[in-house]
Structure formats: C-alpha cells, structure tokens
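The values are calculated or read from the model by the stated rules, or taken from the named source; none is laboratory data. Keep in mind it's a predicted model, so treat the numbers as computed, not measured. For neighbour counting, all protein chains shown are included, and Cβ atoms are generated from backbone atoms with ideal geometry for every residue, glycine included.
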Amino acid sequence: MHPQPLFMIGSHGVYAYGICMAGGIILCFAFLLFAMWKMKFNDEATDKILIIGIFGTGFGIFAAMLFQSLYNYIDNPAAGFRLNGSMTFIGGLIGGVVSFVLVYWLYIYVIAPHTKIGFLKNNMNATLTDALPFIPIGICIAHAFGRLGCFFAGCCYGAPTDSWIGLACSAPNGIHSAQTVIPTQLLEMIFLLVLAAVMAVLYFKFRFNYNFALYLFAYGVWRFLIEFLRDDYRGEFVGEALSPSQLWSLVMCVAGAGYVFLQRFVFEKFMKHPELKAAAAKSAASDAPSEEPPANAGENGGGTPGGEG
C-alpha cells in the first residue's frame, strides 16, 4: 500500500493509483490496436474506433465520479451535491459504453452520410459490431490495473481477517493500520486478468462472438459476491441488504443474457468480418493459376527448337 504521493510535480502529487489507472488505459488501447490489426481492420476503421473509444473513456471517468457523487448525495443530502475525485467502476462502465455507442451511431447514421469532408466519410471495412467481441478484453485489462491502483491507494478494501490471506491495507483503523484485511482489490485484479485471458482464447482461437455477454454476466456475478467481502462504505440499497453496486451487478447479468439474443439476431447482421474477407482473398490469390508458362513448355511442343516434330 502506498497512499502517499510517489513524487511531486510542482505542488501536485503523483500517486501510484493514478499511474496504475493511466497504465491500464494505455495497455487497453494497445491491446485494441493489436486486435484490430490482427483482425484486418483497415486504418480508417482502426483510427475512428480508437478516437471514439478515447472519448468514451473520458466520459466514462466523468460518469464514474458522477455516480459516486450521486451515491454520496443520496446518503447525506445535507452535505449537498459535490463532484469529487471518488469513482465507482460500474458507473464509469455505463457512462463509457453508452457514450461510445451514441457517438459511434451518430457518426455512422448522421455525420458520415451527409458530410463532404473526406476524413469524415465512412470508408471503414469493419463496424463496431466487429469490435464488440474483443472490446471487453481491453476493459478487463484497464480495470485490473485500476484495482491494483486501489490496493496502493488503500481504498475498496475487504473485511478484517486474521487468516493467511489478510494484508495490511486501509482498514477502519487508518491508512497505516496494522490490521490485516481481505485484499479484495488484488482478488478482483486476478479475476479480471483471468477473465481477459479466457475471453482472448475464446475469441482469437474459436472466433467466439459473445464475449460481451460473457463479460457482463461473469463480472456481474463476481461483483455481486465480492461486495459481501468488502468493508469500505459503498452506500445502501433496500436498507442494508444490498449495495448500489450489487443492484447494478444484477442489471449486468440480465443485460448479459439479453446481449446473447442481440448478437444472434441483430449484431451478426451488421458484422463485416474483415478477417474472413482477407483470408478468402489470400486463399484465392494462392489458388489462382500462374500466368507464366511452365519451365518445360518447349520440351513437348511440335516444331519448337530442340523438338522432334
């Protein structure tokens, strides 16, 4: 745990949490860049999806702070509504996904068909639906590093424990407490990395197009359960029975089930599958007959020099 600044830039401290969060976002976009290259997205599709993704990430961070500030206001209206640096991941996920989809569809159906600006015209060889199967892998990578940042910051800690799994963290006794707690941040980081690896194998080896459904359901179940092990205050829902994150976890599970039907009956129709077209073109090129004459063409031709005709 390292909640104090690692170093100072002027009067501003640089924290391990911020470095982990920034590193996770960079690795997320690096993976998406690799995935789009591997799946044969053209440069225009890659650039535009990444640009919209950067916007969605920025709005997602804002939404994460907005949701947490709203929770704080509901818990204590007398303190007034204040937008501070506290964040909740599920709020960020909702804001990021919604803003990404809205900007993408605005571009595809409003801007591109009516613009005269060359760069804004739609010449992409892939659609968002082609990217949806591997986008949650990038989300898991970014989220995993964010949870590592939570561990260093001493937030999102688990319940006190004397078992072997306990680690000193930001517990009720303070940020430098010797009290050991369940390291829920590290447990979630491991879960997210394993989930990312599973989805990567399913997609790149088996072309599994339902990763977003798998992600929503798997993380929804995980988050619902891990909330019972956390000891930081996260708000209340239905009295003390559930936390707001557990409510959203249930919504994620339902959304995951619904996504299966969307992918099967809607999204599949919009997929352009650039990787399949590239493979087909390569196969056709390799199967095409050569236009050069065989090396022994003159050995059997009647009347040709050296022939017996």
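For the reader, a short list of remarks on this structure follows.
- Of the residues making up segment 56-74, those that are under 24 Å from the mean Cα position of the chain (by Cα) and exposed (fewer than 15 other Cβ atoms within 10 Å of the Cβ) number 1.
- Residues in segment 1-46 that are of a type in the set (Gly, Ala, Ser) and modelled with pLDDT of 85 or more: ALA16, GLY18, ALA22, GLY23, GLY24, ALA30, ALA35, ALA45.
- Residue within segment 277-295 that is at pLDDT 85 or above, acidic (Asp, Glu) and part of a helix (DSSP H, G or I) present: no
A quick yes/no check of all residues on (1) in contact with a Ser or Thr (Cβ under 7 Å, 6 or more places away or on another chain); (2) modelled with pLDDT of 90 or more; (3) of a type in the set (A, V, I, L, M):
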site	(1), (2), (3)
GLY154	yes, no, no
LEU167	yes, no, yes
ALA171	yes, no, yes
PRO183	no, yes, no
ILE190	no, yes, yes
VAL194	no, yes, yes
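- Restricted to segment 187-202, and to residues there that are surrounded by 20 or more Cβ atoms within 10 Å (Cβ to Cβ) and not charged (D, E, K, R), the residue that is farthest from ARG147 (Cα to Cα) is MET199.
- Filtered residues of segment 196-215 (kept if in a helix (DSSP H, G or I) and not aromatic (Phe, Trp, Tyr)): ALA196, ALA197, VAL198, MET199, ALA200, VAL201, LEU202, LYS205, ASN211, ALA213, LEU214
- Pairs where the first residue, in segment 1-21, is among the polar types (S, T, N, Q) and the second is part of a loop (DSSP other than H, G, I, E, B) and modelled with pLDDT of 75 or more, C-beta under 6 Å, 6+ apart: none
- Some residue of segment 48-56 being closer than 23 Å to ALA255 by Cα and not in a helix (DSSP H, G or I): no
- Screening ILE117 against (1) without any contact (Cβ under 8 Å) to a residue 40 or more places away in the chain; (2) surrounded by 21 or more Cβ atoms within 10 Å (Cβ to Cβ) leaves a single unmet condition, (2).
- Near pairs, Cβ below 8 angstrom, 6+ apart or cross-chain, from segment 33-58 (closer than 13 Å to PHE119 by Cα) to any residue that is part of a helix (DSSP H, G or I) and hydroxyl-bearing (Ser, Thr, Tyr): LYS48/TYR107
- Segment 75-94 - residue that is over 29 Å from the mean Cα position of the chain (by Cα) and among the aliphatic types (A, V, I, L, M) and, of those, surrounded by the most Cβ atoms within 10 Å (Cβ to Cβ): ALA79
- Subset tally (residues that are of a type in the set (Gly, Ala, Ser) and either under 19 Å from CYS156 (Cα atoms) or in contact with a Lys or Arg (Cβ under 9 Å, 6 or more places away or on another chain) (or both)) for segment 67-88: 3
- Answer residue from segment 220-274, given it is loosely packed, with under 15 Cβ neighbours inside 10 Å and not in a helix (DSSP H, G or I) and is modelled with the lowest pLDDT among those: VAL238
- Residue among ALA64, ALA30, ALA16 that alone is of a type in the set (A, V, I, L, M, F, W, C) and in contact with a His (Cβ under 7 Å, 6 or more places away or on another chain): ALA16
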